[in-house]
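Colleague: Let me begin by handing over the structure; questions about it come next.
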Amino acid sequence: MAILPSVFLCSKVALLLEAPSIFSHSGPHYPHYTFLYNATSAPLMTEYDYIIVGGGTAGCPLAATLSQYYSVLLLERGGSPYGDPMITDQVNFAADLLRDGPLTPSQTFTSEDGVLNQRARVLGGGTCLNAGFFTHASRPYVRAAGWDEGLVHDAYRWVEGVVASFPQLGPWQTAVRNGLLEVGITPDNGRTFEHLYGTKVGGSIFDHNGHRHTAANLLEYADPNNLTVLLFATVHRILTHTSSNGSAHAFGVLYKDLNGVEHQANLTQRTGSEVIVSAGAMGSPHLLMWSGIGPAAQLNAFNISVVVDNPNVGQGMRDNPMNALGIPLTQSIEYSAIEVVGIPQTFGAFIETASMNAANLVSLQVPTALISPCNASAISLNFDTVTNFAALLQKVAGPVSSGELKLNGSDFTSPPSVRFNYYSDPEDLRSCVAGTRTMLDVLYSRALAPLVRDAICLPAVLEILYSLTPSGRDDDAEIASFCKRTVRTIWHYHGGCVVGKVVDADYRVLGTQALRVIDGSTFVNSPGTNPQATVMMLGRYMGVQILKERLSTGH
């Protein structure tokens, strides 16, 4: 463990209440961590065996695992999720995602495709903002990734012991599950974390009381004597020197605190010490490029010294396109995030659903035109009439379409620009057409009839909301047009540091030593229907692999 001055030790970030050490349904989960600090009080120079950039979905389990044997510094550019009901309470899910300000947990950006999106900026990463669905990658995905299936299984179990449980379905989610089975998305797989063809009830990081359990809770597994977590610490450069074999050897990082003061964290001289970047699909390629690892032409244009010329950094950016149907209802149903999913075997899209009450729509200031299909010219919605609002959505698997991330602005504080090229590949568009047809079939199924018969102007839902006429349900061209016009993100973007092009099979950055990237930026395709479980698993999995390798050498 690095030696810290007393002033640093006295400035620990107080984290509220005591908490159980395992998953609990009793209330909000507030671990009392003794290793959290505000970066403003950190020493100007420190050293650790491992420096992890990004305290998100992968970074937290990775740090917890490595701390069992080595000193670890975890640097997070955001704050703590604990004590913030906008994060911890499920009913605030959508509103939490839409918060945007200099220090909010959610950071809004718009891709060059014109689609509004968000990045996490908080300890726990995207698990503090998402809809909570918890599901594994498929077995073929695991095999294609070259992962050890036994270790993957153990890593998933390790994660689930703290964050995951199964939801208790209410009437809307139950009806959609039955509707999916009715239209042929079979078999019924019941409750399972596994990725299986058919219809299932997946896990959730929201417990039965509606409280969120995030990747930050996995730090409960850490050795508190070996871990230091710095909040509001923005890393802007990985420090490297040229090793004897000509490769770039990472030896530390530079980061700034909220006051703009620069700090340096170095690796210890022990063999095997490493810098590990877990800053996500937007953050990891961005940091590599500002550190001189990326396309030489682009780096030169920003006066960045080229350390490793790799044109693949920032390439292969993919975001799973999502399209949704909204249904205003005049009867009460449960508030629910994603709980039920349909996984068809015949086309590459997944069907999911969520629901909320009218009060949530008002608090979110959702434009009335987006939720009332009754009158296109003079839309008004009486919230005394509308009790709930439900949505069916389809997410294209993969996807095949890809884009790129580029530097943007004069320095590291300027967010990168990104283009995902939604539906540029015909295969993705075909999947959306099939997925949209399936949503329509479910919407008009017998299973949903008792609920949607009280929907406002149901036959006009598509006509007004999305300019897709009811007769257009049988027109592939019209549905394809609907897919392109109404595309949204489901926040599952990935790529930019893809395995085989930017990192090797062990996630070491090509052309470097003592530097890895371990997060969703390394994925070619998004795992399963929702990636968070696999990203957390990867943090644990690679932590175990790194420990096994290093401990076997006696270092």
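Colleague: Evaluate the distance, in nm, between pseudo-label points positioned 7 Å from the Cα of Asp476 and of Leu254 along their respective Cα→Cβ axes.
Modeller: About 5.6 nm separates the two model spin labels.
Colleague: On to the next question. Enter the accessible area per residue of the chain (Å², integer; probe 1.4 Å; all protein chains in place).
Modeller: Values: 20620 Å² over 555 residues.
Result: 37 Å² per residue.
Colleague: Could you tell me which label, among [x] 18, 40, 30, 12, 1, 0; [y] 22, 55, 22, 1; [z] 16, 34, 24, 16, 8, 1, 0, carries the value of P(r) over Cα pairs in 20 Å bins from 0, in percent calculated for this structure?
Modeller: The value matching this structure is [y].
Colleague: Which lysines, if any, have their Cα less than 20 Å from the Cα of Lys395, not counting same-chain residues under 8 positions apart?
Modeller: Straight-distance partners of Lys395: Lys200, Lys484.
Colleague: Follow-up question, since we're still on this one. Ranked highest first by the average count of other Cβ atoms within 10 Å around their residues, in what order do 539-552, 511-524 fall?
Modeller: Values: 539-552: 19.5, 511-524: 24.7.
The packing order, highest mean first, is 511-524, 539-552.
Colleague: Each label point is 7 Å from the Cα along the Cα-to-Cβ direction; what then is the distance between the points at Arg488 and Gln331, in nm?
Modeller: Modelled inter-label distance: 2.5 nm.
Colleague: Another question, then. Rounded, prolate or oblate: which one fits region 275-315, using the alpha carbon gyration tensor with axes a ≥ b ≥ c (rounded when a/c is under 1.5, else prolate when a/b beats b/c, else oblate)?
Modeller: Details: a/c = 1.99, a/b = 1.70, b/c = 1.17.
Prolate shape, in that a/c is at least 1.5 and a/b is the bigger ratio.
Colleague: Shifting gears a bit: Roughly how tilted is helix 532-552, in degrees to the nearest 10 and between 0 and 90, from the longest Cα axis of the chain?
Modeller: In the chain, helix 532-552 runs at an angle near 20 degrees to the longest axis.
Colleague: Something else about it: Which one of Leu443, Ile238, Tyr156 is farthest out on the positive end of the charge dipole of the chain, using unit charges on Cβ (Lys, Arg +1; Asp, Glu -1) and the Cα centre as origin?
Modeller: Going by the charge dipole, the pick is Ile238.
Colleague: Which whole-number percent is the relative contact order of region 182-250 (Cα, under 8 Å, 6+ apart)? All intermediate terms of the calculation are to be shown ahead of the outcome.
Modeller: On the way: 47 pairs, mean separation 9.7, N = 69.
Dividing the mean separation by the residue count of region 182-250 yields 14 percent.
Colleague: Working out 0.36 nm times the residue gap between His555 and Ser417, then minus their Cα-Cα distance, what length gain in nm do you get to one decimal? Before the final figure, lay out the partial values.
Modeller: Numbers: separation 138, 0.36 × 138 = 49.68 nm, distance 4.07 nm.
Once the chain is fully extended between His555 and Ser417, it gains 45.6 nm.
Colleague: What is the dipole size for the chain, taken about its Cα centre, with +1 at each Lys and Arg Cβ and -1 at each Asp and Glu Cβ, in debye to the nearest 20? Walk me through the numbers before you get to the answer.
Modeller: Values: 33 positive and 45 negative charges, 76 e Å.
Computed about the Cα centre, the dipole is about 360 debye.
Colleague: With the full set of protein chains in place, find how many percent of the accessible area of region 174-224 is carbon and sulfur; take the probe as 1.4 Å. Could you put the intermediate results ahead of the total?
Modeller: Numbers: 780 of 1710 Å².
In region 174-224, the share of accessible area belonging to carbon and sulfur is 46 percent.
Colleague: For Arg143 and Phe109, FRET efficiency with R0 = 25 Å and r from the beta-carbon atoms, rounded to 0.05? It would help to have the intermediate numbers written out before the result.
Modeller: Working: r = 34 Å, r/R0 = 1.37.
Calculated transfer efficiency: 0.15.
Colleague: Got a sec? Charge dipole of region 73-121, +1 on Cβ for Lys and Arg, -1 for Asp and Glu; which of Leu116, Ala94, Pro105 is way out at the positive end?
Modeller: The Cα lying farthest towards the positive end belongs to Pro105.
Colleague: Below 8 Å between Cα atoms, with a sequence gap of 6+, how large is the relative contact order for the chain in percent? Don't skip to the end; give the middle numbers.
Modeller: On the way: 1370 pairs, mean separation 112.9, N = 555.
Answer for the chain is 20 percent.
Colleague: Report the net charge of residues surrounding Tyr255, where surrounding means a beta-carbon distance below 11 angstrom and charges are Lys +1, Arg +1, Asp -1, Glu -1. All intermediate terms of the calculation are to be shown ahead of the outcome.
Modeller: Details: positive: Arg77, Arg237, Lys256; negative: Glu76, Asp257, Glu262.
My count for the surroundings of Tyr255 gives 0.
Colleague: Work out, step by step, the length gained on full extension between Lys548 and Asp188: first 0.36 nm times the residue separation, then minus their alpha carbon distance; give nm to one decimal.
Modeller: On the way: separation 360, 0.36 × 360 = 129.60 nm, distance 3.95 nm.
Result: 125.6 nm gained on full extension.
Colleague: Here is a follow-up. In deg cm²/dmol and to the nearest 500, what is the mean residue ellipticity at 222 nm of the chain if only DSSP H runs of at least 4 residues count, each as -39500 (n - 2.57), divided by the residue total?
Modeller: On the way: 15 runs with 138 residues, N = 555.
The helix-only estimate for the chain comes to -7000 deg cm²/dmol at 222 nm.
The values are calculated or read from the model by the stated rules, or taken from the named source; none is laboratory data. Since the structure is predicted, the reported quantities are computational estimates derived from the model, not experimental observations. Methodologically, a virtual Cβ is constructed for each residue, glycine included, from the backbone with ideal geometry; neighbour enumeration extends over all protein chains shown. Surface accessibility is based on the protein's heavy atoms, side chains included, excluding ligands, DNA and RNA. Shrake-Rupley method; radii C 1.70, N 1.55, O 1.52, S 1.80 Å.
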